[in-house]
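Notes to accompany the following structure.
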Amino acid sequence: MLTVAEAWEAIERVVTPLPRQRVPLAESLGLVLAENAMADLDSPPFDKALMDGYAVRAADVATLPARLKITEEVLAGQVSPRGLGTGDAIRIMTGAPLPAGTDLVIPVEQTSVEGDSVLLQPPAVAVGKNVLRKGESTRRGDTVLTAGRVIRAVEVGCLAELGQHSVAVHRAPRIAVLATGDELVPVSERPGPGQIRNSNEAMLVAQLRQAGYQAFSLGIARDNQADLRQKIAQGLEYDVLVLSGGVSAGKVDLVPLALAEAGVEAIFHKVKIRPGAPLWFGRLDRSRPANQSALPSSLNSSRPNTWVFGLPGNPVSSLVCCELFVKAALRRLSGLEACRPEAFHAQLHKPHFNGGQRPTYHPARLSQGPSGPVVETVRWIGSADLSATAAANGMIAFETPNREYPAGEWVAVYRW
Ligand code: AMP
Ligand code: MG
């Protein structure tokens with residue numbers, strides 16, 4: 001049985017980023033940049049005004065008020081043909097290139113027009129004020145964005161400014177979700193005796209899509225080798241296959257065996273965690289000769305591996321394992337170096353006893369208290385208790401089994 005940290009280490013050791021590709025800028029949101037993005041021009045590309053006002057020479061406004069002759073008007077997108085002569089003021093708009101000779105811009109709010117002159121009022125404006133010089137923000141050749149970062153809206157803006165209408169990114173992983181269990185009925189059906197609805201599949205797909213991933217439902221595989229074999233083969237056409245159920249010690253927990261028969265090698269099985277201990281993780285490595293025959297026809301060398309998670313079927317176990325481990329592998333595949341989930345720290349609102357033998361990831365509510373972040377466990381009766389979990393917005397990692405955690409103790413919280 002691995003510890004949680006050892007499971008993360010194993011994921012970091014084996015999973016590598018998916019290949020690079022170029023995508024149109026508009027499709028790059030949420031992907032990870034695969035190359036440094038360099039400035040092809042200085043930014044700004046010319047000296048520019050940062051305010052609507054009057055471009056003037058410093059010597060002409062050494063004392064205010066001052067009256068200067070308006071010689072011209074420059075709008076954004078225009079270029080002044082003449083520049084500033086002594087005693088001149090040029091009406092200028094934000095974003096317009098500075099006429100030659102400009103030392104500063106006096107905001108329009110400090111001015112009044114009298115005929116063809118402008119009266120400039122105090123306070124004095126320092127040289128260089130309200131102007132941005134060519135290259136002051138970025139110089140041509142500078143690295144603006146480094147490879148390995150997620151492209152958010154602000155990165156899209158930077159890439160657009162750099163003229164990158166297509167962007168080098170890591171290919172986004174495609175993920176299949178497959179529920180297993182003879183007891184499951186589709187969500188649209190009323191369960192008969194001994195049956196329950198297949199809540200995990202919809203939840204896992206949603207959990208992954210909410211994080212921006214491309215996840216697809218494969219439906220329910222029944223607890224027999226033939227059905228598992230057929231549905232697992234479909235799932236192995238994706239970059240990642242996430243199964244729920246069938247990985248514990250029950251009589252029909254056939255998933256590890258079915259995966260082994262499909263050529264998927266186990267990397268680990270079982271993690272010291274509650275909920276979620278039976279977690280299974282493995283890989284189909286198509287570069288290995290033994291697996292060549294298992295290779296579905298549509299596959300080629302662009303997908304050398306399929307990563308497979310077998311999540312325990314109890315809904316909260318599935319949720320927690322997806323949050324902690326599946327997403328870690330997905331971050332890695334997507335091209336991120338740091339793949340472990342980010343822990344926040346907050347003070348326990350009420351004391352909590354962590355019984356049992358394993359670290360517990362307990363559904364909890366994180367909020368902002370009067371003197372900092374506080375977190376409170378939600379009332380929860382265990383890994384099947386999904387509705388209580390809906391009151392939570394994350395989970396507390398109670399690392400030490402059989403220990404009382406007093407109110408006020410700082411604990412690690414993983415938000416979802
Ligand atoms: P298993 O991991 O297959 O032993 O299942 C553990 C528990 O989770 C059992 O009570 C199952 O009925 C339940 N379970 C398994 N799969 C699902 C699912 N897709 N949706 C909801 N509950 C499930
Ligand atoms: Mg089952």
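The values are calculated or read from the model by the stated rules, or taken from the named source; none is laboratory data. Everything numeric in this text was worked out from a predicted model, so none of it was measured. Here Cβ is always computed from backbone atoms with ideal geometry, including for glycine, and neighbour counts include all displayed protein chains. Areas reflect the complete protein model, heavy atoms only, side chains present, ligands, DNA and RNA absent. Shrake-Rupley method; radii C 1.70, N 1.55, O 1.52, S 1.80 Å.
Here is how the numbers come out for the structure above:
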item	result
Exposure ranking of Trp307, Trp410 by accessible area [1.4 Å probe, largest first]	Trp410, Trp307
Computed accessible area, Ile381, all protein chains, 1.4 angstrom probe, square angstrom	140
Local electrostatic count, Leu162, Cβ distance below 13 Å [Lys/Arg +1, Asp/Glu -1]	-4
Cα Rg over Rh - the chain, Kirkwood	1.19
Loop-located GluC sites (Glu not before Pro) in the stretch 140-204 whose Cβ has at most 14 other Cβ within 10 Å (DSSP)	Glu189
Full-extension gain in nm, Ala76 to Glu109, via 0.36 nm per residue minus C-alpha separation	10.0 nm
Nearest-20 debye value, the chain charge dipole, Cβ charges on Lys, Arg, Asp, Glu	840
Spherically averaged projected area of the stretch 17-158 from its Cα convex hull (nm²)	10.3
Of the trypsin sites (Lys or Arg not before Pro) in the stretch 319-388, those whose Cβ has at most 16 other Cβ within 10 Å and which sit in DSSP loop	Arg379
Segments 78-84, 312-318 sorted - mean Cβ within 10 Å per residue, highest first	312-318, 78-84
Charge dipole (debye, nearest 20) of the stretch 140-288; +1 at Cβ of Lys and Arg, -1 at Cβ of Asp and Glu	260
Alpha carbon convex hull of the stretch 202-265, volume per residue in cubic angstrom	93
Whole-angstrom gap from the stretch 252-293 to the stretch 348-368, using each part's C-alpha centre	31
Linear extension gain, Val127 paired with Glu27, 0.36 nm per residue minus alpha-carbon span	31.7 nm
At 1.567 mPa s and 4 °C, Stokes D of the stretch 57-115 from Kirkwood alpha-carbon radius, µm² per second	109
The chain: angle of helix 199-210 to the longest principal axis, Cα-based, in degrees nearest 10	20
Modelled label reach - Glu409, point 7 Å along Cα→Cβ, the stretch 351-384 residues with backbone N closer than 17 Å	351-365, 374-378
For the chain, calculated [θ]222 nm from helices alone, where every DSSP H run of n ≥ 4 adds -39500 (n - 2.57)	-4500 deg cm²/dmol
DSSP-assigned coil residues among GluC sites (Glu not before Pro) in the stretch 227-290, each with at most 12 further Cβ atoms within 10 Å	none
Taking the convex hull of Cα positions in the stretch 10-66, its mean projected area over all directions (nm²)	9.1
Pairs beyond 23 Å (Cα-Cα), from Lys270/Lys327; Lys231/Lys272; Lys272/Lys350	Lys231/Lys272; Lys272/Lys350
The stretch 278-416: C-alpha pair distances exceeding 25 Å, %	40
Dipole axis of the stretch 272-416 (+1 Lys, Arg; -1 Asp, Glu on Cβ), positive-most option in Pro373, Leu319, Gln357	Leu319
Order by protection proxy (mean Cβ within 10 Å, highest first), peptides 116-122, 190-196, 396-402	396-402, 116-122, 190-196
Share, in percent, of DSSP beta bridges within the chain that are antiparallel, nearest 5	70
